[in-house]
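Read-outs throughout are calculated quantities, based only on the coordinates presented, and are distinct from any laboratory measurement. Not measured: the values here are computed from a predicted model. We place every Cβ from the backbone using ideal geometry, glycine too, and count neighbours over all the protein chains shown.
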Amino acid sequence: MPKGFKKYIVPLIIFFVSFFILFFRLSSSVAFVGDFGRDLYEIAKIASGNLTLLGPKGSFGGLYTTPYYYYLFVIPFILGGKNLIGVLLFNCFLFSFSIGLLTFFIQKNTNSIKALLAGLSFSFMSFIISSGRQPGNGFTHIPFFLIFLAIFYFFDAKKFSSWKTLLIGFLFGFIVSMIFGYGILVIPIFLFVYFKINDWKKFLLFLAGFCIAFSPLLLFELKNNFIMIKNTFVDKSYLSFINNTNLPNGITLNKNIFLNGLFLSKEINYWMGVSLLLTIFSIMVSFSKKDKNLLVTNIFSFVIMATILRFQYSFHYLLPFITLLSFTLIATVVKGKHAYLLLLLIIIILIFRLPVKLYSQVADHMNYDYIKNSVNQIISKNWLDDNDRFNVLLIRKSGAQVPVGNEYRYFFVINNYFSDGETLYNQSKKLIVFAEDKNYDIKKFNSWESREFNMKEAKVVDSFISSNQTKVYFLTK
């Protein structure tokens, strides 16, 4: 064994254990629909040379996130043969790497056994397994935030150079700009960082790095006359968040902050896998003066979260706070007197609450290969020429109004067929419609997209049933 390699054994064990937990049966259980379909479609377009300054649309008004998440996966996507597997592997790698790195830091500050138990605790947490198996801007931020927290917790921030402080500020900006759910944590984290750095000049450098991370959005706004800002605050599209009208499955919570906090506590129990009462107990038992800033950050963040999420709630809004709380739990417990007992108890609870449903095979119409087969049949029928102006519609069996069918557009792109944008149905000459209910009368489908194409007046040229489930139509006008 090479000299010095011994210190990497435990982190590597945790890396591979975590990777196995995340990747086991992943390709057959991941649902290639909705946001994931949209993301792979955008990644495929970037890989084909269509660059963008915008990432996924946020939930607040007309604001879009930065495109870092898309660009992060472009190289793995290409190396994976422009296939789903490259993106899935890389997402698992990011999570496993961050947990392995945390294990390494904990080992340096305690011992190998505590590090092993801490690494296993992270690996079995429900939100880690769920997010690690589901690439998305609402999930892939977690490894970066864990590393960010570890930097400030395990190292002396007062000794950071100016360049390192600037880069770490950019890292936090990178995370926040990827998903605006971090708005809940921004002020508490800024205060946490300031007290760790304890230097106004360096803190301003941190803020500068944070702001630089938003430069793609600023550039877009400068090029487009600040359209996002106007749409959100002048046209008041932010009211769609306040009134909870912008998400198909958005939940309006209790306006009473205390009652709202109780609901969020139950959600934290579910997604973290460890009861909030046990978490609080473990932190308090293991509490030391070094953890004071981290503990205050958690409390302050929870109060802000319980206040803001009264208007609209979706489970991924909780993930930034759950990541912070989970890090606080493990980082605190490993230094306490009862570390071995508490970590073993946490692991046992997490194993019993393992989200086994995530490993179940996904329904056929959500399966990557099933959707791929439908598009391949269209290409084999020569419905489209290279320069055709065509568009795509998806009529879901569930009735959910997500008609643009990004998961189908993705397969057209990797076969070098580029559909018109989702706002250009009126300019398209051909339309491909995928109806998940093979008996559905497409002439009855009524949405903004179908009206723009004037689908009721269009001619149905051909159709077929894909894998005995989805009816595929070819329309022209």
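The C-alpha atoms of the chain define a longest principal axis, and helix 34-47 lies at about 80 degrees to it.
Axis of helix 257-272 versus longest Cα principal axis of the chain: the two differ by about 90°, to the nearest ten degrees. Label positions at ARG25 and PHE263, each projected 7 Å from the Cα along the C-beta direction, are separated by 3.3 nm. Taking Rg/Rh (Cα atoms, Kirkwood Rh) as calculated from this structure, the corresponding entry among (1) 0.99; (2) 1.07; (3) 1.04 is (1). Charged neighbours of ALA331, selected by a Cβ distance under 10 Å, balance to +1 (K, R count +1; D, E count -1). Using the Cα gyration tensor of the range 91-159, with a ≥ b ≥ c the square roots of its eigenvalues, what is the shape: rounded (a/c below 1.5), prolate (a/b larger than b/c) or oblate (neither)? Oblate, since a/c reaches 1.5 and b/c is not below a/b. As a length-normalised measure over Cα pairs under 8 Å and 6 or more apart, the relative contact order of the chain settles at 19 percent. In the chain, the calculated helix contribution to ellipticity at 222 nm averages -17000 deg cm²/dmol per residue, counting -39,500 (n - 2.57) for every DSSP H run with n ≥ 4. Cross-linked pairs LYS114/LYS201; LYS337/LYS357; LYS108/LYS290; LYS82/LYS381; LYS381/LYS430: Cα-Cα separations exceed 26 Å for LYS114/LYS201; LYS337/LYS357. Report note on the peptides 280-287, 112-119: ranked by the mean count of other C-beta atoms within 10 Å, highest first, their order is 112-119, 280-287. Can you give me the angle between helix 368-380 and the longest principal axis of the chain, using Cα atoms only, in degrees from 0 to 90, rounded to the nearest 10? Tilt relative to the chain: about 30 degrees. Taking a ≥ b ≥ c as the square roots of the eigenvalues of the Cα gyration tensor of the range 364-476, is the shape rounded (a/c under 1.5), prolate (a/b larger than b/c) or oblate? Judged from the Cα gyration tensor, the range 364-476 comes out rounded (a/c under 1.5). Applying both filters, DSSP loop and at most 12 other Cβ atoms within 10 Å, to the chymotrypsin sites (Phe, Trp or Tyr not before Pro) of the range 40-82 eliminates every site. With neighbour counts taken as other beta-carbon atoms within 10 Å, the residues THR103, THR323, THR165, THR232 rank, fewest first, as THR232, THR165, THR323, THR103. Ordered by the number of other Cβ atoms lying within 10 Å of each residue's own Cβ, fewest first, SER237, SER380, SER162 fall into the sequence SER380, SER162, SER237. Distance from the C-alpha centroid of the range 10-45 to that of the range 268-321: 26 Å, rounded to the whole angstrom.
Given LYS196/LYS223; LYS438/LYS477; LYS438/LYS459; LYS45/LYS223, which pairs have Cα atoms separated by over 27 Å? Check vs 27 Å cut-off fails for LYS196/LYS223.
Dipole magnitude for the chain: computed about the Cα centre from +1 point charges on Lys and Arg Cβ and -1 point charges on Asp and Glu Cβ, it is near 1260 debye. Counted residue by residue at 0.36 nm each, then reduced by the alpha carbon distance between them, the extension gain from CYS211 to ASN426 reaches 73.5 nm. Ranked for footprinting exposure by Cβ neighbours inside 10 Å, fewest first, HIS141, HIS365, HIS338 give HIS338, HIS365, HIS141. Looking at the square roots a ≥ b ≥ c of the eigenvalues of the Cα gyration tensor of the range 1-144, which shape do they give, rounded for a/c under 1.5, prolate if a/b is larger than b/c, or oblate? Verdict is prolate for the range 1-144.
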